[in-house]
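> Handing you a structure now.
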Amino acid sequence: MTAPDPTMEAITAAVVRGRGGDVAGARSDLEALWSEIGVGGDPFHRCTLAHYLADLNLADNLRR
């Protein structure tokens, strides 16, 4: 079994929040994580977070 990854757990929680309808809350959570991870953070975390943040932005733009 792999060790828990708190960053991935936080990203997953934000994604679930957004898919549940709280897009603004999810975006806020992901942006806060982005600040924590920073430019020197784990590339996997940065890529995953950027992907889901882009999904939220795309969904927002499609609703307009």
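The values are calculated or read from the model by the stated rules, or taken from the named source; none is laboratory data. Everything numeric in this text was worked out from a predicted model, so none of it was measured. With ideal geometry, Cβ positions are generated from the backbone for all residues, glycine too; neighbour counts draw on all protein chains shown. Surface accessibility is based on the protein's heavy atoms, side chains included, excluding ligands, DNA and RNA. Shrake-Rupley method; radii C 1.70, N 1.55, O 1.52, S 1.80 Å.
> For the range 19-56, enumerate the residues that are closer than 14 Å to residue 9 by Cβ and among the basic types (Lys, Arg).
Of everything in the range 19-56, nothing turns out to be closer than 14 Å to residue 9 by Cβ and among the basic types (Lys, Arg).
> Continuing with the same structure: Scan the range 39-64 for residues that are open to solvent by less than 30 Å² (accessible area, probe 1.4 Å), at pLDDT below 90 and assigned to a loop (DSSP other than H, G, I, E, B) and report the count.
Result for the range 39-64: 0.
> Would you tally the residues in the range 13-36 being closer than 15 Å to residue 57 by Cα and outside any helix (DSSP H, G or I)?
Here the count works out to 2.
> Name the residue that is surrounded by the fewest Cβ atoms within 10 Å (Cβ to Cβ), counting only residues in the range 2-20 that are small (Gly, Ala, Ser) and touching a helix residue (DSSP H, G or I) at 6+ places or on another chain (Cβ under 8 Å).
13
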